[in-house]
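These notes concern the structure reproduced below.
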Amino acid sequence: MTDAERAIVHVDMDAFYASVESLDRPELKGRPLIVGGLGPRGVVATANYEARVFGVHSAMPMSQARRLCPRAEYIRPRMSRYREISENIFFIFREFTPLVEGLSLDEAFLDVSSSLRLFGGLEEIGKQVKREILLQTGLTASVGIAHNKFLAKLASDAQKPDGLVYVHQNEVSAFLDPMPVRRLWGIGKRTAPKLTALGILTIGQLRRCDISLLRPVLGNQAEHFHQLACGEDDREVQPRRADKSISHEVTFDTDLSDRRELLAELLRQSEKVSRRLRARKLMASTVVVKIRDARFHTVSRSRSMMACSNNTRTLYRMARALFEGWRDKHRTTPVRLIGMGVTGLEPETSGGKASGDHLDSSTEKSLDKVLDRINQRYGDTKIVHGLSLHRRKEGAD
Ligand code: TTP
Ligand code: MG
């Protein structure tokens, strides 16, 4: 596929760590928040927009931030919480396309070239991604849309926070030309002054400049930067690992409200998911449950576990808790689709969080093994955990 045919969406959460903090502590809403190391050598990880007004920004020494904005609330980062929300967001991205390239916890490229018709067009996808993120996490994201990665990334940054910018093909130079050359990836503190010396301050000036004049400063990169200045970039979106998640879901023929039946379905899915994990010698750190109601409103809830696991009951218990959390507020809502999945996959043998032993009792693990062996011999799901018999088979997944 050529550069001009691609449809790329770049999503970047707004003041990510700080927004999560005010989400979890609503009493902080509207106040300047600064998240970062609180020790003597601490630096700012991020500041919310209320604190940025005072000049506080990422990577600034905390002592300087305290001078600029003494009234702010200072918060130590809670990485596992940010990771949890990040997994939720990436789950949403993959609802739109499998081609998701994560750049950090709060940022990703989506190649949606093949999803346009399904979701009603490019701008519509951008809006839906934002809407889903807000609905499911309570956080805002900024979205950039263009036909390549470079432009999409600049576009998501152009109207932060809560922005949506679509750079159409015929708007590229109007969009890029006024920007300072520093916005080109790879032009940093050292190169920018050399360009300034040539009288090149903006991307437009660089674009109009003859390449032979750029060579003494940019060397063999001159052509590359000239192309970027023209808004050309043919790098593909590269999903990092094929299977970062495993999931099953089912759409019921008729909507279901019976709690026991829904739980039975969740258990059946937990069995399938955990069996696939065990077959691939993987464990998961996070469980996700997805529910779509009769009015087509979809939510996904996720939670990270204390330790990784691939044990059926452990994953099911987590899924059940997530489901019950939803059901508490939706007692009579009929369910159209239910699904469960896992993310945060790690090899069974690795260290880190992969020490599910204190969660998964040895009896449960041996039971899993026995069931796996029987099912392997006799094909798919001949023997299952008892409760899932409450609902045997409706729809395939
Ligand atoms: P960014 O997306 O760069 O920043 P942000 O989400 O806080 O704000 P915005 O996108 O609205 O401009 O980074 C995402 C998170 O990564 C950020 O919340 C905190 C962390 N981070 C650091 O820990 N150190 C850094 O220097 C930067 C830039 C980010
Ligand atoms: Mg961000």
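Miscellaneous remarks
- Going through (1) within 15 Å of ligand 2 (Cβ to nearest atom); (2) of a type in the set (D, E, K, R); (3) without any contact (Cβ under 8 Å) to a residue 60 or more places away in the chain one by one, Arg131 falls short only on (1).
- Ala141 farther than 20 Å from Phe109 by Cα and of a type in the set (A, V, I, L, M): no
- Within segment 103-120, considering residues that are more than 16 Å from ligand 2 (Cβ to nearest atom), outside any helix (DSSP H, G or I) and modelled with pLDDT under 95, the one most open to solvent (accessible area, probe 1.4 Å): Ser114
- Among residues of segment 150-167, those that are touching a strand residue (DSSP E or B) at 6+ places or on another chain (Cβ under 8 Å) and either away from ligand 1 (no atom under 16 Å from the Cβ) or among the hydroxyl-bearing types (Ser, Thr, Tyr) (or both), counted: 4
- Here Thr314 fulfils each of the conditions (1) assigned to a helix (DSSP H, G or I); (2) over 11 Å from Gly341 (Cα atoms); (3) open to solvent by 20 Å² or more (accessible area, probe 1.4 Å) apart from (3).
- Any hit, segment 30-46, residues being away from ligand 1 (no atom under 11 Å from the Cβ), out of contact with any Ser or Thr (no Cβ under 6 Å at 6 or more places or on another chain) and within 22 Å of Ser300 (Cα to Cα): no
- Applying the condition of being under 19 Å from Asp111 (Cβ atoms) and open to solvent by less than 10 Å² (accessible area, probe 1.4 Å) to segment 155-177 and asking which residue is nearest to ligand 2 (Cβ to nearest atom) yields Ser156.
- For segment 93-103, the condition of being under 18 Å from the mean Cα position of the chain (by Cα) and within 10 Å of ligand 1 (Cβ to nearest atom) holds for at least one residue.
- Spans of helices (runs of 4 or more DSSP H) in segment 6-82 with at least 1 residues open to solvent by 70 Å² or more (accessible area, probe 1.4 Å): 49-52, 62-68
- Residue identified as under 23 Å from the mean Cα position of the chain (by Cα), in contact (Cβ under 8 Å) with a residue 40 or more places away in the chain and under 20 Å from Phe91 (Cα atoms) among Lys290, Lys272: Lys290
- Residue in segment 249-260 that is within 26 Å of the chain's Cα centre (by Cα), open to solvent by less than 10 Å² (accessible area, probe 1.4 Å) and touching a residue at least 40 places away in the same chain (Cβ under 8 Å) present: yes
- The set of residues from segment 121-136 being in contact with a helix residue (DSSP H, G or I) (Cβ under 7 Å, 6 or more places away or on another chain) and buried (at least 22 other Cβ atoms within 10 Å of the Cβ) comprises Ile125, Val129.
- Selection status of Ala155, small (Gly, Ala, Ser) and touching a helix residue (DSSP H, G or I) at 6+ places or on another chain (Cβ under 8 Å): yes
- Hits in segment 180-238 - residues which are surrounded by 19 or more Cβ atoms within 10 Å (Cβ to Cβ) and touching a residue at least 60 places away in the same chain (Cβ under 8 Å): Leu228, Gly231, Asp233, Val237
- Some residue of segment 212-224 being more than 28 Å from Arg292 (Cβ to Cβ), out of contact with any helix residue (DSSP H, G or I) (no Cβ under 9 Å at 6 or more places or on another chain) and within 16 Å of ligand 1 (Cβ to nearest atom): no
The values are calculated or read from the model by the stated rules, or taken from the named source; none is laboratory data. None of the values given here were measured: they were computed from a predicted structure. Here the Cβ is made from the backbone with ideal geometry for all residues, glycine too, and neighbour counts use every protein chain on show. All accessible areas refer to the heavy atoms of the entire protein, side chains included, with ligands and DNA or RNA removed. Shrake-Rupley method; radii C 1.70, N 1.55, O 1.52, S 1.80 Å.
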